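Enquirer: What follows is a single structure, and I will ask about it in a moment.
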Amino acid sequence: MQKRGDIVAKKGTVTAVVNQKGGTGKTTTCENLGIGLAMEGKKVLLVDTDPQASLTISLGYPIPDRISPTLSDLMKKIVSDQPIESGEGILHHPEGVDLVPANIELAGMEVSLVNVMSRESVLKQYLDSVKKEYDFILLDCMPSLGMLTVNALASADNVIIPVQAQYLPAKGLEQLLQTVNKVKRQINPKLRIEGILLTMVDGRTNYAKDISALIRENYGGKLKVYQTDIPRSVRAEEISAEGKSIFRHDPKGKVAEAYRVLTKEVLQNAEKRRKRQLEQLR
């Protein structure tokens, strides 16, 4: 017989890592948080929902167009009601995470989704079929608020928003928060913002510190801003072509340490939520 705790525990948490602005550290965060969670013994699936395939490339697949099947193939199968084999399209990375890769075909998929019934929930239908195999599923979203990002938000339990601390992103952030709220109202009432993550923080400049303080001041009351900032680092910027995480590339560096702390923060939040859910079941 299933205990109540099992009901809560056996379903992977889906997190969309999203910002419609490029260059905010989405892919780096998705990769290193995912591998950080795997290092803590969690089963993790990373899903590349961006046709540019940055996540796929940074996990060691430099020519994504040669990969088959990819996310667009899996989504096509959902649309045409074809069965998906167990484990189909899932690649295994040596650092302990699984990956559903992407390539440029996903751009065509985004266009064709416009004419599909229940077009917002195609990705959700796929993720629902693999959710029970994983503790965490992280979605690396494309830098736009198009149909693929809406699909990611429609299938997510929560959202992490990486924000670059170099300049004030307030306008873009407002637009993103409106989109998240719209998806929450119309499609996915359980969607919540897990937190804003400040990335590329240059601790030496007062400017970055001012921005960090400003974001915490403006949004900290309404939204959780992670205590952990991800520092700027040349070594972190080198890894994107290497196919390995910051933990392998520069394990003693400040960026690896920041992602370790972030991983613990994410796990603590997940545990608090699980306890709340259990209390509600009692």
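No value in this document is a laboratory result; all are computed from the given coordinates. A quick note: this is a predicted structure, and the numbers were derived from the prediction, not measured. Positions of Cβ are generated from backbone atoms using ideal geometry, with glycine treated the same way; all protein chains shown enter the neighbour counts.
Enquirer: Sort 110, 88, 279 so that the residue with the fewest other Cβ atoms within 10 Å of its own Cβ comes first and the one with the most comes last.
Expert: Fewest to most other Cβ atoms nearby, the residues stand as 279, 88, 110.
Enquirer: Right, something else. Using amide H atoms built in the peptide plane, which far-off residues or other-chain residues are under 5 Å from residue 13 H to H?
Expert: Those qualifying (amide H under 5 Å, at least 5 residues apart or on another chain) are 136, 137.
Enquirer: Further question on the same structure: Just rank 163, 111, fewest to most, by other beta-carbon atoms within 10 angstrom.
Expert: Final ranking by Cβ density, sparse to dense: 111, 163.
Enquirer: If neighbour count is taken as other Cβ atoms inside 10 Å, put 259, 61 in order from fewest to most.
Expert: 61, 259
Enquirer: Right, another one. If I compute semi-axes √(5λ) of the Cα gyration tensor in Å from the structure I just sent, which labelled value in (i) 33, 20, 18; (ii) 35, 22, 20; (iii) 27, 22, 20 lines up?
Expert: Comparing each candidate, only (iii) matches the computed number.
Enquirer: In the neighborhood of residue 268, defined by Cβ-to-Cβ distances under 15 Å, what is the net charge if each Lys or Arg adds +1 and each Asp or Glu adds -1?
Expert: Around residue 268, the charge tally is +4.
Enquirer: Starting from the Cα of residue 254, draw a straight line to each of the lysines and keep only those under 19 Å, dropping any in the same chain fewer than 8 residues away.
Expert: Reachable lysines: 26, 209, 244, 264.
Enquirer: Which of 11/275; 124/222; 43/132 have a Cα-Cα distance over 18 Å?
Expert: 124/222
Enquirer: Quick one: dipole size for the stretch 4-281, taken about the Cα centre, charges +1 on Lys/Arg Cβ and -1 on Asp/Glu Cβ, in debye to the nearest 20.
Expert: Roughly 1100 debye, rounded to the nearest 20.
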